[in-house]
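A.B. asks: Structure in structure tokens, see below.
The values are calculated or read from the model by the stated rules, or taken from the named source; none is laboratory data. As the structure is a prediction and not an experimental result, all values here were calculated from the model. As a convention, Cβ positions derive from the backbone with ideal geometry for all residues, glycine included, and neighbour counts pool all protein chains shown. Just the protein is used for accessible areas: all its heavy atoms, side chains included, with ligands, DNA and RNA removed. Shrake-Rupley method; radii C 1.70, N 1.55, O 1.52, S 1.80 Å.
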Amino acid sequence: MQGGHYKPSWQRDTEVFVVSALILYLQLVLIRWIGTEIRIFAYLGNLILVACFFGTGLGCYRSALPVSLTRLGIYLLLLTGLVANPLHLESLNLRNLIDWLAGFEDSPMWGMFIAPQQSRVVVALGVVGGLLYLIIFMFVPIGQVLGRALSEHPHTIQAYSVNIIGSLSGIWLFAVMSWCRATPVEWFGLLAILAIVLAYVTGHRNWWFVVALGIIVCFVWIGQSSGVRTIWSPYQKLEVRHPVLADSLKQEALDGAIYTIAANGTGYQLILNLADDFLRTHPRLYNLDQARLSHYNLAFQFKPRIHRLLILGAGAGNNAAAALRHGVEEIDCVEVDSEIYALGKELHPERPYNSPRVHMHVTDARAFLKSATGSYDMIWFALLDAQPGSSYSNRQLDHYMYTLQSLKEAQRLLTQDGILLVNLASRRKWISERLYGILQQVFDRPPMSFLLEFNGASEYGPPGELTLVTGNGAPT
């Protein structure tokens, strides 16, 4: 039993601390990494958490049995091999799970409208089950270590206190890594170090375990997307590209004028050049009348003279650029993701974030509404929903920003004739109707609503976005 009860108390404390930190750190790594790389788990993040806790609990229950950390290495190696897909084989690309599961009633939240195929659904469910199996049983060995260290510790209350401290340390360790914009390679590199430290303090000497950890880090590194600028912000994985167009002439003209930003593998934002001079110099590519109907430009038809504007969810700067073009004197921009703001400041061709009329606030939009003072002529909820078309994840902003309390806070900040404008990406009719009803309740009048389509074109902004307009003054 490798020392059993003969280990001194400090050594037991060390074991409990290291294994507790490792368990919580590994849980957070898997929840964020798998949820990013396999989109279905972005909506089922709690499923990974349950699997992690179940495996840990099962390990604690079996703590009297021999411990094999090699099993942790093998299961984690298999999992990273499947998710990272280091050989970049399309047949093993688990991102396709979202396609295979399309056709269910909830599939519109994934942006999929593909007829279901029974064989694909069965395979997809089997793959999901296999991933959960690997997650559960990779936690069993470290759960055994934890259970044994706690049960053999001479001071029970001290042991559980160290367990809590170690767990909090694992959480904060991952939080610091995220805050430092660390990549999955660095996450797994630190994970390998923690696992090796655990093997050392528990007396498990196994070189195969170390080799497996090294291969795991290599798998994650090789599996990264090549040729794509990738940034891991504290919130999400961002990939920046030029859009690929069939028309080579159009492609050449738009390079440097349009960028796409994908978040966690999903189309998320565009960086657009809608400056009048640029549109006029490319008459073959742009229709000026359509450009005026872009939801970025159309917003200012409801209130042409705006002294002070608040943009919530300012993103990479399209809304701020439109406000500058329309002569707004003072623009407060709120964006929670500092990396998206940095991309806008670097790449946006109109350079809106360099203007002295634009004041940037990198913070949470709801927190800003609570602390803001003064009055705004217009408040613009600029496509704040994090995953378009969904309200099923507890991380969706329609649970947080598009609420009665939040909209009342926005109303408090409006001038007597101020306008509230909301852009929403929703593939669910009831989500739009719910927001419509809340706005009607807050302002005691039904909001104006409309939907614009540009035949799938994205040069003027994301097509098919719902716009709701209301306020203290009736919009015209």
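A.B. asks: Got at least one residue in region 384-396 being part of a loop (DSSP other than H, G, I, E, B), at pLDDT below 90, within 24 Å of the chain's Cα centre (by Cα) and closer than 24 Å to residue 275 by Cα?
C.D. replies: There is at least one residue in region 384-396 that is part of a loop (DSSP other than H, G, I, E, B), at pLDDT below 90, within 24 Å of the chain's Cα centre (by Cα) and closer than 24 Å to residue 275 by Cα.
A.B. asks: Which of the residues belonging to region 41-55 are open to solvent by 10 Å² or more (accessible area, probe 1.4 Å) and in a helix (DSSP H, G or I)?
C.D. replies: Matches in region 41-55: 42, 43, 45, 46, 47, 49, 50, 53, 54.
A.B. asks: Hand me the list of strands (runs of 3 or more DSSP E) wholly inside region 409-476 holding 1 or more residues that are at pLDDT below 85, among the aromatic types (Phe, Trp, Tyr) and closer than 30 Å to residue 272 by Cα.
C.D. replies: Where strands (runs of 3 or more DSSP E) fall fully within region 409-476 and carry at least 1 residues being at pLDDT below 85, among the aromatic types (Phe, Trp, Tyr) and closer than 30 Å to residue 272 by Cα, they are 448-451.
A.B. asks: Just the residues that are farther than 25 Å from residue 94 by Cα and open to solvent by less than 60 Å² (accessible area, probe 1.4 Å), please, taken from region 207-224.
C.D. replies: Correct list: 209, 210.
A.B. asks: Do we have any residue at all in region 221-234 that's modelled with pLDDT under 90, in a helix (DSSP H, G or I) and either of a type in the set (Ser, Thr, Tyr) or in contact with a Cys (Cβ under 8 Å, 6 or more places away or on another chain) (or both)?
C.D. replies: No, region 221-234 contains no residue that is modelled with pLDDT under 90, in a helix (DSSP H, G or I) and either of a type in the set (Ser, Thr, Tyr) or in contact with a Cys (Cβ under 8 Å, 6 or more places away or on another chain) (or both).
A.B. asks: Is it the case that residue 239 is in contact with a strand residue (DSSP E or B) (Cβ under 7 Å, 6 or more places away or on another chain) and surrounded by 15 or more Cβ atoms within 10 Å (Cβ to Cβ)?
C.D. replies: yes
A.B. asks: Which of the following residues is on the phi > 0 side of the Ramachandran plot and either surrounded by fewer than 18 Cβ atoms within 10 Å (Cβ to Cβ) or at pLDDT 95 or above (or both): 357, 351, 325?
C.D. replies: Checking each option against the conditions leaves just 351.
A.B. asks: Tell me which residues, restricted to region 172-187, are farther than 20 Å from residue 79 by Cβ and of a type in the set (S, T, N, Q).
C.D. replies: The answer is 178, and nothing else.
A.B. asks: Still on this structure: Considering only region 258-273, state which residues are surrounded by 19 or more Cβ atoms within 10 Å (Cβ to Cβ) and either in contact with a helix residue (DSSP H, G or I) (Cβ under 6 Å, 6 or more places away or on another chain) or at pLDDT below 80 (or both).
C.D. replies: Within region 258-273, 259, 264, 271, 272 qualify.
A.B. asks: Taking region 73-96 as the region of interest, how many residues are touching a residue at least 24 places away in the same chain (Cβ under 8 Å) and hydroxyl-bearing (Ser, Thr, Tyr)?
C.D. replies: Number satisfying all stated conditions: 2.
A.B. asks: Go through the residues of region 135-150 one by one and say whether even a single one is in contact with a Ser or Thr (Cβ under 7 Å, 6 or more places away or on another chain) and open to solvent by 30 Å² or more (accessible area, probe 1.4 Å).
C.D. replies: Scanning region 135-150 turns up at least one residue that is in contact with a Ser or Thr (Cβ under 7 Å, 6 or more places away or on another chain) and open to solvent by 30 Å² or more (accessible area, probe 1.4 Å).
A.B. asks: Is it true that residue 284 is among the charged types (D, E, K, R), at pLDDT below 85 and either open to solvent by 10 Å² or more (accessible area, probe 1.4 Å) or under 24 Å from residue 376 (Cα atoms) (or both)?
C.D. replies: yes
A.B. asks: Working only within region 314-329, note down all residues that are touching a residue at least 60 places away in the same chain (Cβ under 8 Å) and part of a loop (DSSP other than H, G, I, E, B).
C.D. replies: Those that are touching a residue at least 60 places away in the same chain (Cβ under 8 Å) and part of a loop (DSSP other than H, G, I, E, B): 314, 315.
A.B. asks: Tell me which residues, restricted to region 68-92, are assigned to a loop (DSSP other than H, G, I, E, B) and either of a type in the set (Gly, Ala, Ser) or open to solvent by 30 Å² or more (accessible area, probe 1.4 Å) (or both).
C.D. replies: Result: 68, 87, 88, 89.
A.B. asks: Considering only region 369-383, how many residues are in a helix (DSSP H, G or I) and either of a type in the set (Lys, Arg) or open to solvent by 20 Å² or more (accessible area, probe 1.4 Å) (or both)?
C.D. replies: Total meeting the criteria: 2.
A.B. asks: OK, next. Out of curiosity, is residue 311 outside any loop (DSSP other than H, G, I, E, B), closer than 17 Å to residue 467 by Cβ, under 27 Å from the mean Cα position of the chain (by Cα) and hydrophobic (A, V, I, L, M, F, W, C)?
C.D. replies: Yes: the conditions hold for residue 311.
A.B. asks: Which pairs do you get when a residue that is in contact (Cβ under 8 Å) with a residue 12 or more places away in the chain and farther than 16 Å from residue 467 by Cβ, found in region 409-429, comes within reach of a residue that is among the β-branched types (Val, Ile, Thr) and surrounded by fewer than 22 Cβ atoms within 10 Å (Cβ to Cβ), reach meaning Cβ atoms under 8 angstrom, with the pair 6+ apart or on two chains?
C.D. replies: Listed pairs, sorted by first residue: 411/442.
A.B. asks: Something else: May I ask you to verify whether residue 40 is farther than 21 Å from residue 191 by Cα and β-branched (Val, Ile, Thr)?
C.D. replies: It is true that residue 40 is farther than 21 Å from residue 191 by Cα and β-branched (Val, Ile, Thr).
A.B. asks: Going through region 174-193 one residue at a time, which ones are touching a residue at least 40 places away in the same chain (Cβ under 8 Å) and either among the basic types (Lys, Arg) or buried (at least 19 other Cβ atoms within 10 Å of the Cβ) (or both)?
C.D. replies: Answer for region 174-193, where residues must be touching a residue at least 40 places away in the same chain (Cβ under 8 Å) and either among the basic types (Lys, Arg) or buried (at least 19 other Cβ atoms within 10 Å of the Cβ) (or both): 174, 181, 184, 187, 188, 191.
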